[in-house]
Amino acid sequence: MTLPTAEGLTDKLQALLTYDATQPLIFSSGLFLFLFAGFLLVYSAVRRATLARIVYVILFSLYFYYKSSGIYFLLLVFAATSDFLIAQAIARSKGRTARRWLMALSVAVNLGMLGYFKYTNFLIDIANQLFGQGFLQFQNIFLPVGISFFVFQSMSYTIDVYRGQLQPLRNWLDYLFYLSFFPQLVAGPIVRARDFIPQIRREPFVSREMFGTGVFLILTGLFKKAIISDYISLNFVDRVFDEPLLYTGFECLAGIYGYALQIYCDFSGYSDMAIGIALLLGFHFPKNFDAPYKSATITEFWRRWHISLSSWLRDYLYISLGGNRKGRLRTYGNLLLTMLLGGLWHGAAVRFILWGGLHGVALALHKLWLARVPGAKVRGCEMHWWSRTAGIFLTFNLVSLGWLMFRAESMQTVSLMLHQIVENFNAPMIPQVLAGYAGVFALIGAGYVLHLLPGTVDALARRIVVHAPLVLQVVMAAAMIWCVMQIKSSDIQPFIYFQF
């Protein structure tokens, strides 16, 4: 037997650390659906044996994460081990100073991991611009999928233990189960420990309503992601953002509105499927989206969009900064700082910081509006129909302007698209554009119409699926999968929020 040389071992290690996630387990892929069906069979057999069920789900979850991030699944295990031990130490410590240092250690470890993998290259680029190219040549070559989500989730656990709102777990496997649970692992929702941990050792029970709701959410998530989002992205939106100068101002504007629908369908579609899959396993996740483009104010928008993140930022950052308890100017500053950091959480780029700043300024101005204008409301349902309509129009366009910075690869792309919209709108070309992209615009229109329908329509559709016979539910699922196969691209389209 020939022993590997040192050079050979180095090459193998480098291959592991530069893992190419060419076959991630995407919820909307046939591979995942096949593996999940097999997973459910075994899960149903071991669900009454607590330890076997916990170990089995952990192993599947780690495999799920390995398929997207390779050897970096060990980073997830490290995060679970670190915060499990720190939380126990916090609970044992009697002195306030010791508890604070332990809490600071948890934050430093978590933000250290996040900072290294997400912001190393950003800081190196800044240093090279300040001190000359080549000043720093090191680069981080890989971003573990969903690191921002499981880091925030783990931080919420230690913070809750520090605040005395949660007793620390005694079993490391329980904490690893919580942090690695595959439905929400790579793109949320960010599940709070105090909501999820009590469910871990409880024997899973899936009622008929839970099963039907899970099926409904998985089907609607598939429809949003694989039919609407992927189709309009590949056939129109990506093309416009890649080469804006090749398109008229109308097409650029349509690309922005198309991306607003794309990111909503992509992200809420993932959340729907994550919540639905968890229900099939007997677990409850919080709602993550609530028709955000119906919002009549920017404050209402953030109560409806990515609810688990916005509530996390409110509870663990905004309130920690002082919230609205230290005067009006401090409140506005806290809102701005919270959203700037929220933008930076999404990515290490100036455009993300500007995106967060835009929302922070808008939230502060709306807070000022509420303080100065008698009768001003936060929610559209409290307004007259005409003010609600105007509010929805203004809020949606403000949010869409933010999405332009969010999606564009650089601020130059932002500038080019705005230039085309203002200087080269070319209205006479609109009929030709609509005819040339008839399928795309039909799906965009259908997506917005479905989004803006009253909530009673969604509730009715859910009841129909929930109370349908099992055979009919299987037929619905088969029909949706068939539709997805007819419209899908040959390439796997990862969820947008996998990059965060």
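The values are calculated or read from the model by the stated rules, or taken from the named source; none is laboratory data. Computed from a predicted model, the values in this text were never measured in an experiment. Don't worry about glycine lacking a Cβ; one is built from the backbone with ideal geometry, like all the others, and counts go over all protein chains shown.
Listed values, structure above:
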{"item": "Filter result (within 22 Å of the chain's Cα centre (by Cα) and on the phi > 0 side of the Ramachandran plot) within the range 295-326", "result": "H306"}
{"item": "Flag for S68 being within 26 Å of the chain's Cα centre (by Cα), in a helix (DSSP H, G or I), among the hydroxyl-bearing types (S, T, Y) and modelled with pLDDT of 90 or more", "result": "no"}
{"item": "Some residue of the range 232-250 being in the same structural domain as Y448 (by TED's automatic domain parsing), of a type in the set (D, E) and either surrounded by 23 or more Cβ atoms within 10 Å (Cβ to Cβ) or under 19 Å from the mean Cα position of the chain (by Cα) (or both)", "result": "no"}
{"item": "Residue, farthest from S308 (Cα to Cα), within the range 125-169, restricted to residues that are among the hydrophobic types (A, V, I, L, M, F, W, C), modelled with pLDDT under 90 and in a loop (DSSP other than H, G, I, E, B)", "result": "F135"}
{"item": "Test: residue in the range 246-260 that is at pLDDT 95 or above, farther than 22 Å from H419 by Cβ and not aromatic (F, W, Y)", "result": "no"}
{"item": "Condition met for T338 (buried (at least 19 other Cβ atoms within 10 Å of the Cβ) and among the hydroxyl-bearing types (S, T, Y))", "result": "yes"}
{"item": "Failed item, numbered, when T395 is tested on (1) under 30 Å from N235 (Cβ atoms); (2) modelled with pLDDT under 95; (3) in a helix (DSSP H, G or I)", "result": "(2)"}
{"item": "Among (1) within 21 Å of L173 (Cβ to Cβ); (2) at pLDDT below 90, the one test that R92 misses", "result": "(2)"}
{"item": "Any hit, the range 417-433, residues being polar (S, T, N, Q) and closer than 22 Å to F396 by Cβ", "result": "yes"}
{"item": "Complete set of residues in the range 452-464 that are over 26 Å from the mean Cα position of the chain (by Cα) and touching a residue at least 60 places away in the same chain (Cβ under 8 Å)", "result": "none"}
{"item": "Unique match (being touching a helix residue (DSSP H, G or I) at 6+ places or on another chain (Cβ under 6 Å) and farther than 19 Å from F177 by Cα) among I58, I90, I71, I86", "result": "I90"}
{"item": "Count of the range 198-229 residues which are charged (D, E, K, R) and either under 13 Å from F283 (Cβ atoms) or outside any helix (DSSP H, G or I) (or both)", "result": "3"}
{"item": "Residue in the range 359-380 that is within 18 Å of the chain's Cα centre (by Cα) and not assigned by TED's automatic domain parsing to the domain that holds I275 present", "result": "yes"}
{"item": "Selection count where residues are more than 17 Å from W302 (Cα to Cα) and part of a helix (DSSP H, G or I), scope the range 322-343", "result": "4"}
{"item": "Pairs where the first residue, in the range 357-376, is modelled with pLDDT of 90 or more and the second is surrounded by 13 or more Cβ atoms within 10 Å (Cβ to Cβ) and among the charged types (D, E, K, R), C-beta under 9 Å, 6+ apart", "result": "L370/K377"}
